[in-house]
Each structure stands twice: as structure tokens, then as C-alpha cells.
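J.: Below you'll find the structure I mean.
The values are calculated or read from the model by the stated rules, or taken from the named source; none is laboratory data. Predicted model, so just to flag it, every value in this text is computed and none were measured. So basically every Cβ, Gly included, is an ideal-geometry build from the backbone, and we count neighbours across all protein chains shown. These accessible areas exclude ligands, DNA and RNA; they are computed on the full protein's heavy atoms, side chains included. Shrake-Rupley method; radii C 1.70, N 1.55, O 1.52, S 1.80 Å.
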Amino acid sequence: MLNKNPLWRYLLVIGVLLLALVYALPNLYPEDPALNISATRGGVVSEQARAELERSFDQANISAKSVVLEEGQVLARFNTTEDQLQAREIAAEKLGANYVTALNLAPATPAWLNAIGASPMKLGLDLRGGVHFLMAVDMKAALNKNLNDMEETFRADLREDRVRYRNIQADLAKGYVTITMRSAEDVAAAQAALKKRDRELVFSPGAEEFSFNTSISELRLKEIQEYALEQNITIIRNRVNEIGVAEPIVQRQGADRIVVQLPGVQDTAKAKEILGATATLEFRLVDTDADLAAALEGRIPPGTELFYSRDGRPVLLEKKIMLTGEHITGASSSFDEYSRPQVSIKLDAKGGNKLSESTRTAIGRRMASVFIEYKPSEELDEKGNPILVKNQEVINDATIQARLGRDFRITGIDSPGEAQNLATLLRAGALLAPIQIIEERTIGPSLGKENIQLGTTAIMWGMVTVLIFMVIYYKAFGLVANLALVANLVLIVGVMSMIPGATLTLPGMAGIVLTVGMAVDANVLIFERIREELADGRSVQQAIHHGYDRAFATITDSNITTLLVALILFGIGTGPVKGFAVTLAIGILTSIFTAVVGTRLLVNLFWGGRRVQSLPI
Amino acid sequence: MQIFNFKQPLNFMRLKWAAIILSSIMLIASVASISIKGINWGLDFTGGTVIEAGFAQPADLPAVRQTLAVAGYSDAVVQLFGTSRDVLIRIPLREDIEQATLGDEVMAILNQNNANGVTMRRIEFVGPSVGEELKQDGGLAMLVALIGILLYVTMRFEWRLSVGAVISLAHDAIITMGLFSILGLEFDLTVLAAILALIGYSINDTIVVFDRIRESFRKLRDTSVTETINDAITSTLNRTVITSLTTVLVLIVLFYMGGALIHGFATALLFGVAIGTYSSIYVASSVAEILGISREDMLPPPPIEKEGENTEALL
């Protein structure tokens, strides 16, 4: 007889639903106010530190729900927000500067759910509050820096090969270095000398006689940009860690954008200050032989550059950079033997070698530290972005006493506060290319809570309205469709919780509401077909069978096209559009499953495979 | 219970030309309004700063405007948002102010002048380049979606239906945008998402009708093309109306209960679903009929060479 299902099909559907239900469960549990304690610069918190923390919480009469060490971080849960805030002060006091304490909301998921990897849906910032920054990396600056480096390297290379040149000049606007020689033979010799060191250089004839332009290949250009972006992301990540935020997001977006999301952060001014400080440090030798007075009149000797110190004193520095900030791995402020503020700097191996090499022949000469900062100015470029102004000043210069290695100190800093500031900036690393905030969205925590509440009520009432309508319209079959709708909602929530990348946003919630409205479509298609078949005079069993059969083709066709739209949205869209696309796509798949497979089982169970006079439809 | 129960197919195609004239008028009005009046682009597209501030008591808007004008923000737009205690402040992009820190400054100004304290609910700053890109990306998303649909429907059905579907989708999207332009409603990112969702909804609707047209062509041997289309639309009418009805029901719930941030989304979809339902009944099939769809185009098995020719001729 028609319309009977094998047992395995029931088991399959029940299994899928149970699985979704279990993974949807964590969303029902409330969240505990918690503290997230991690060590700075990728360090690990010891078990000893954890035990100590627990003891000090006890001493202060704060009852912590639990203090656990997980993956090198301590997570302490509390009953109230007051306890949490008080505990933060204690922890900060106890642990000192090498640890970061972040306020967090930890889901109170029971252990057995945690054990199978079930966790609640990730909430977007619009639902839990926090700051979202979109930053643009100034690639032009990164490339200019590279061009200036090229200019210097070419000088050194040609000198080493004893090829006499007339002039070497970087053209930042056009993106190449122009080299002018004395004769055609010299041009050939110079090109050979440069090519020997770098095969990827591209030469083109210059505007003047015996001159040629040198640029780098497209591929290399891309590499430089990639590197600048990656470096910036790493540095921003470090800076974000210094602020102490639980679950921050630092992500690349497109060719030159970085997305930073700091959940729970309210003090945006401070966050911006720390994130946006686009500073870098360079060490250069002071050219004491050159004529400073002439330089001030505009006759700057080649190979040097004019700088000013903080108090406005002019200094001539060699263009060649001994060391840049990217090699700095650590910096701390302290006091020297005369109680003057100083900054101790640690370098990576490459930086150490570089500095050691360049200070070998420079003992007794003066080395200047140049602090470079990029700040957006009032003026805008043709695209409407503020033009960045490069601010550079010599923060100190000191005589090199001995060959410097991986550890050295900068002295002669005015105040302890300044030393601390400098150390923080150095520690956070130097940005290869300046960044600027081009988009900022801050959502207050109360608004986030409100959004969740509004979204949940909207989903609930939307659901209830549709459920009532379906029962009135389709009677018992309406009940079947309603079961499918509820199952559909559970499936959406379960799948959203299971997929690691899926984040629930406010438009996403709207997407779920919309799916509830649209999910009945498949059921309506099927039920209308069954009615038609019955009206055509078919038997009940035939009508059910053909109804499902015929509707199936339509359902797949129409939903595949909608799915196509959702996938395109996901691929092209950003932010809210993406969040919406995720829920829409998941909703389409789950509604096909519940409508086609789920309701069929129920219909077959109640009315299939036996003599039925009429259908309650 | 059943809304419609027809013994004979309704003659939908009789109104074909009336529908086409109506659609043309709506399209022309939309395009005219979009090009003359323009669209009231939201912050996401124009750039600028939006601050939503929560006041302890119902806010005194003139006082807030006055305070801001004194502080140098005389071009700020101040309005209530949702409730009488929530105030939305929009400050357009200006060359002489640093937008990225503007939100914090305005909050400080408001707090100085209100003893009860004003809480920050939301601050959004969007740079000009971001908005421009967004417009491009949004347009691109729509275009790619339409091309994808064009290809899929051509492959699964027939090129005339495919053209009909895409024209009806573009019709829906343009008229919905036109309505936003005529009414001067703010067009932000959620509205863009709504229009893209509308494309998804409307294609769903259209395909259901097409599917039935194909089936009717195969089933009804002795009827004219117009009669076949009428039969298909009539027999799917119940489904079309019920699905639209449930969707509209939840959208109304969303409009009233989803909060102020979702209003634009709900408005766009409420209108879009109505226009989308109309267009999948009238526009898509009418276009296919005018393009000269015939029974032979729908009968299995289709001669492969001929279909290939048609596809190429179109693309």
C-alpha cells in the first residue's frame, strides 16, 4: 500500500532533530559575568597563579563560581556583576602588568554540553554591545617607504661595484627610482650590477639622457602590500590584547582593510588612541660633519635628511636607517643608576645582527631615535579620505658607547610618563604602514540587550501568528505544518550554533523571522497539491502520494534559485548583509528538509497506508 | 477552508496589457523619482556620524539642537528614535571636523548640559569611501544575483521565461527603491538587505508559477498559450496568496515589534512582497507570452541544438 515509511526514515529524522535540539540547547542558558585573565605577549598563566587568584578572591570575600585554567588562560565566573568588577581590581593588583584582565560574559553551559562541543550562537556586536572599527591601511605609505629604501640600497650597491653614477632619485608619485649615469656604457654596467642583486627589477628608459627608471615587478609590489597588511594585523592584534578584551576579532577584509571588533568595550576614545596610534621608530646616525647652517638654508647634503628634535633643535641624520621598529620584540621603562627615566629595548635576532653590524664602525658617533607618527589632517584627498601627515621628531640622540646588540637602552627621556608611553608604543610594535579608522560603530550594552529582546519577541509572535493561521486554514494538516515550523526553528538555531563562523546579528534575526513566514511555502505547495488531487477525484492515498511528488520538483526549483541569491549575498556582502545571508541560506535548507521529509513522515504516520475516507485538510 | 475555489481558470492574461501599462507607469515614476528627487541614502552610504543617545526623561529636542548649535554642530539633524527618550543625532561629513572622534565629543557635550546624564546607546561613523564602495557592492550583488537567476532559469526552463523572471525581479527592485525615493524614506544597509531578500522571495514565487506553466503545457494539449498560462496561474493562486499572506503577517509583527532599527527592513519587504506577488502573477508570464512562448518550447525532450542556439542568441 502507498504512503508507508520504513523505520529508518523515522529514525533519521528523529536523530537529526535531536542533534539540532541538543546543539540549540546552550542558547537557553544564561551567561555568567566572568573574568578572562591572560598573559601578555602570548604567554601562559601558570597553575600557581590560578591558585593564588582563587585564594585572593576568597580573602576578599568574593565567591567565585569557578576559577579554571584553560589553554593558558584563567576563566573565573561570578554570580553578580559587582563581584566581577571587584574581582577585576583584585586580579589587576595581584598580577601586575604582565597579565591582562578582561571582563567577559561566559555562557553557563552545563559540562555535558560543553563536552560534546555544544556552545551558544555567537552574537554580533549589535546584539551584545561593543565597538566595531574598520581600518584602512595606507598602502601608498608602505610603498613610498620601500622606494626610499631602494634609493639607498642602489647607492650602496653601485658604490660597492664602483659604478659611478650622476644621480639617484626616488620618484614617489610615479613609483620608481630614476638613476642618471654619465654614459651609455655606465647605464649598461649599472643595470647589470643592480640586476645581479635583484633579478626582479624592471628597467625602463628615463626622461633624460643616460638615465633609466627602476621599479619592482607587480608580483613583488603585491608581496609588499600583503606583508604590510599582515604586519599591521599582527600589531593591531597585539595592541588589542593590551586593552584586555575577551574574544576580540581582528580580521582582514579585502586588499587593504582590517576589521576590529571589541565586544563589551565602552571607552571608545581610549581604544581608538591605542589602536590608532600609527607610530614607528627608526634609529639613524647623526651626521656631525655636515654643515648644519647650510642645510637650514636648503642645501642639504645628499644622503642626509634634516630633522628636528622635540625642543625644535635641527639635526642632520643619515638617510640610511640603521634599524626600524619592526625588529623590536620588547620594551620596558625603568630608571637608570641616576634615577633618570629610560627605556630598555629588546630586538629580534635579525634586528640584533643588523644593529650590531651597523654600530661596529660607528662607536663614538651619535645615534638618534626618530619617532614617526602618522596623523590624519584636516585636508582630504580626491577620494574624500583625510590626507595623513607624517610627523617625525628626534626623541633623543646618544653617543654609541659600544657595539650594540639585542639589548640596549635609550636614555635622556624627559619624564617617567613619557618613558612609559614610549615603551608601550614600542612594545605594541611599529606599524609598517599607517592606518586610519574609516568606519566605527559602537553599540551600548543596553541597546544590545534590547535588540535581542525585540528580536526574540518578534520571532515568537511571528511564529504564533503563522501557527494560528495554518491551523485555521489547513486544520489537522495545519498542525502537521506547525510541527514542521517549530522543528525548522530548532534546526536553524542548532545549525547556527554548530557552524563556527556563523554569527547572529539583528538583520540575521530579521532573516529568521522572514524564514518563518516563508517556510510555510513548501507546506502550502504540498497541501494545495493534495487538495487539487482530491478535487480531481483521486483516492486519498493517491492524492497524498502525487501531491508530495509533484510539489517536490517545484519546491526544489524555487528554493534553489532563492539559495542562489543567498549565496551571492554571502559572497559579495559584508557585515549585516552577510549575517542576513547566512540565516536565509540555512533557513531555506532546513525548511526544505522539514517540509518535504518531516511532514511526509507525519502525514504517512497518521493517514498513510490505510483506508481513509477523507483528509482533514 | 479555502480562499479561492474556481471551477474555470480565470482569464488573467486578458489584463496583460493593462498590467504592462500599470507596471510601466510605476517603473517610469520610480526611475523619474530616483533620478530627480534621488534616494535618501542612509549613513551607511553617505558617510557621516550617527549618535543615538538615551535620555533619562523625555528629551527636549529644541534644547538639544540649541546645545549642539552652540558647540558648532548647527548642521546636526536631531530627531526622536523609537521612543520619546531616545534621540537620534545625525551629523553629515564635514571637512573641518574629525569624524572619528566626533561621537565621543557630542556625548560629552550632551552630558555637560544634562544633569540627569545621557547614555550612549549607539555611535556609528562611516567614512565617505566606505559608503561609495557599499553602493557599488550592493549594485553588484543585485546584478550578479539577476545574472545567476537568468542562467539558472534558462537552463532549467526556457529563455523566454528566464527573461520574464529577470524583468519581473528588476521591476520589483526598482519600484521598491522608487517608493523609498518618493516617500523620502531612509535607504540604509538593512533596506538593501531587504531588497536582496525580496529578489529571493519574488523569484521563489515566479518559479512556482513557471513550474506550473510548464506542467500545464504538457498536460493540456488542445488549449492556446494564453489559456494554458491562465490555467497555471489560477491553480497556483491559492498558494501564492497564502504564502504572501503569512509572510506579510510576520513582516507586520516585525514592523511593530522588531524595534526602530528594523523598520526600514520591514517596510521595504512589506511593500516588496505585495509588488512581488503582483509581478509574479502578471509581469513574468506576460513578458514570456509577449516574447512568444509556445507549447513546443516546453515539451520534452527538447531538441538540444535548438536550445543551445536560443541561449546564445540571448547572451
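J.: May I ask you to give the solvent-accessible area per residue for segment B:231-306, in square angstrom, as obtained with a 1.4 angstrom probe?
T.: Per-residue accessible area for segment B:231-306 comes out at 33 Å².
J.: So who's got an amide H within less than 5 Å of the one on A:S309, skipping anything under 5 residues away but keeping other chains? H placed 1.01 Å off N, in plane.
T.: Those lying under 5 Å, H to H, from A:S309 are A:V315, A:V394.
J.: How many angstrom lie between the Cα centre of segment A:528-566 and the Cα centre of segment B:66-129?
T.: Here the two parts' Cα centres lie 55 Å apart.
J.: Report the label-to-label distance for B:A29 and A:I472 in nanometres (one decimal), using points 7 Å from each Cα along the Cα→Cβ vector.
T.: 3.1
J.: Next up: Checking understanding here: applying a Kyte-Doolittle mean of at least 1.6 and a length along the axis of at least 18 Å (C-alpha), which whole DSSP H helices in chain B pass?
T.: B:16-36
J.: How would A:V596, A:V343 line up by accessible area, probe 1.4 Å, largest first?
T.: A:V596, A:V343
J.: Count charges around B:I275 for me, please; just the other residues with Cβ under 14 Å from its Cβ, Lys/Arg as +1, Asp/Glu as -1.
T.: After counting each charged neighbour, the total is -2.
J.: Could you pull out every residue, at least 5 positions away or on a different chain, whose amide H is within less than 5 Å of the one on B:L10? Hs are placed 1.01 Å off N in the peptide plane, and Pro or chain starts have none.
T.: Excluding prolines and chain starts, which carry no amide H, the hits are B:T234.
J.: Now for a separate question. Once you order the gyration tensor axes a ≥ b ≥ c over the Cα atoms, which shape class does segment A:41-116 get: rounded for a/c under 1.5, otherwise prolate or oblate by comparing a/b with b/c?
T.: Oblate.
J.: In whole percent, what relative contact order does chain B give with Cα contacts below 8 Å and a gap of six or more residues?
T.: 25
J.: In addition: Among A:E440, A:E209, what's the order by accessible area (1.4 angstrom probe), most exposed first?
T.: Result of the area sort, largest leading: A:E209, A:E440.
J.: Could you work out the percent of alpha carbon pairs in chain B separated by over 26 Å, rounded to a whole number?
T.: Counting pairs separated by more than 26 Å, the tail of P(r) holds 57 percent.
J.: I would also like to ask the following. Whenever you get a sec, line up A:K390, A:K195, A:K222 from highest to lowest accessible area (probe 1.4 Å, protein heavy atoms).
T.: A:K222, A:K390, A:K195
J.: I'd like the accessible area for B:F12, computed on protein heavy atoms only with a 1.4 Å probe and all protein chains in place. Round to 10 Å², please.
T.: Answer for B:F12: close to 20 Å² accessible.
J.: Can you give the accessible area of A:F335 in Å² (nearest 10), computed on protein heavy atoms with a 1.4 Å probe?
T.: 120
J.: Collect residues whose amide H, placed 1.01 Å from N in the peptide plane, falls under 5 Å from the amide H of A:E439; neighbours closer than 5 in sequence don't count.
T.: A:L134, B:G127
J.: Right, here's the next one. For the pairing of chain A with chain B, what total accessible surface becomes buried, with a 1.4 angstrom probe, in square angstrom to the nearest 100?
T.: 6100
J.: I've got another one for you. Dipole of segment A:28-160, Cα-centred, from +1 at each Lys and Arg C-beta and -1 at each Asp and Glu C-beta, to the nearest 20 debye?
T.: For this selection, approximately 160 debye.
J.: For a test of the definition: using alpha carbon positions, the gyration tensor, and the 1.5 limit on a/c, classify segment A:216-323 as rounded, prolate or oblate.
T.: oblate
J.: Distance from the Cα centre of segment B:7-25 to that of segment A:446-519, in angstrom?
T.: Cα centroid of segment B:7-25 versus Cα centroid of segment A:446-519: 36 Å apart.
J.: When Cβ neighbours within 10 Å are restricted to other protein chains, what is their mean count per residue of peptide A:548-554?
T.: Mean partner-chain Cβ count within 10 Å for A:548-554: 3.
J.: Kindly provide the helix-only [θ] at 222 nm of the protein assembly as shown, computed as the sum of -39,500 (n - 2.57) over DSSP H runs of four or more divided by all residues, to the nearest 500 deg cm²/dmol?
T.: -18500 deg cm²/dmol
J.: Turning to a different aspect of this structure: Take the alpha-carbon centre of segment A:291-362, take the same for segment A:68-92, and report the distance between them in whole Å.
T.: Cα centres, segment A:291-362 to segment A:68-92: 43 Å.
J.: Rolling a 1.4 angstrom probe over the protein chains, ignoring ligands and nucleic acids, what is the accessible area of A:I512 in square angstrom, nearest 10?
T.: The accessible area comes out at roughly 10 Å².
J.: Another one. Please name whichever of A:L285, A:F154, A:M509 sits farthest to the positive end of the charge dipole of chain A, dipole taken about the Cα centre and charges placed at Cβ: Lys and Arg +1, Asp and Glu -1.
T.: Of A:L285, A:F154, A:M509, it is A:M509.
J.: Here's something else I'd like to know. Nothing charged except the Cβ atoms of Lys and Arg (+1) and of Asp and Glu (-1): what's the magnitude of the dipole of chain A about its Cα centre? Round to the nearest 20 debye.
T.: Roughly 1720 debye, rounded to the nearest 20.
J.: Would you kindly state how much longer the chain becomes between A:R403 and A:L589 on full extension, computed as 0.36 nm times their sequence separation minus their alpha carbon distance, in nm to one decimal?
T.: Difference between extended and current length: 60.2 nm.
J.: Which one of B:N113, B:S181, A:P301 has its Cα pushed farthest toward the positive end of the charge dipole of the protein assembly as shown, where Lys and Arg give +1 and Asp and Glu give -1 at the Cβ?
T.: B:S181
J.: Roughly how many debye, to the nearest 20, is the charge dipole of segment A:453-577 about its Cα centre, given +1 on each Lys and Arg Cβ, -1 on each Asp and Glu Cβ, and no other charges?
T.: 200
J.: So if each residue of separation counts as 0.36 nm, and I subtract the Cα-Cα distance between A:R365 and A:R182, what length gain in nm does that give?
T.: 62.5 nm
J.: Still on this structure, please answer the following. On a straight-distance basis, which lysines could pair with B:K37 in a cross-link, Cα separation under 19 angstrom, same-chain partners fewer than 8 positions away excluded?
T.: Counting by Cα, and skipping residues close in sequence, B:K37 has these lysines nearby: B:K135.
J.: Set the Förster radius R0 to 35 Å, insert the Cβ-Cβ distance between B:R218 and A:L2 as r into 1/(1 + (r/R0)^6), and round the FRET efficiency to 0.05.
T.: The computed FRET efficiency comes out at 0.90.
J.: With the calculation restricted to Cα positions, what are the radius of gyration and Dmax of chain A in angstrom?
T.: Final numbers for Rg and Dmax: 33.4, 110 Å.
J.: Among the aspartates and glutamates, which have Cα under 14 Å from the Cα of B:K16 when same-chain residues fewer than 8 positions away are ignored?
T.: List returned: B:E227, B:E289.
J.: If the cut-off is 24 Å between C-alpha atoms, which lysines fall inside it for A:K4, apart from same-chain ones fewer than 8 positions away?
T.: A:K475
J.: With unit charges on the beta carbons (Lys and Arg positive, Asp and Glu negative) and the dipole taken about the Cα centre of the protein assembly as shown, which residue among B:V87, A:T268, A:G455 sits farthest to the positive side?
T.: Farthest towards the positive pole: A:G455.
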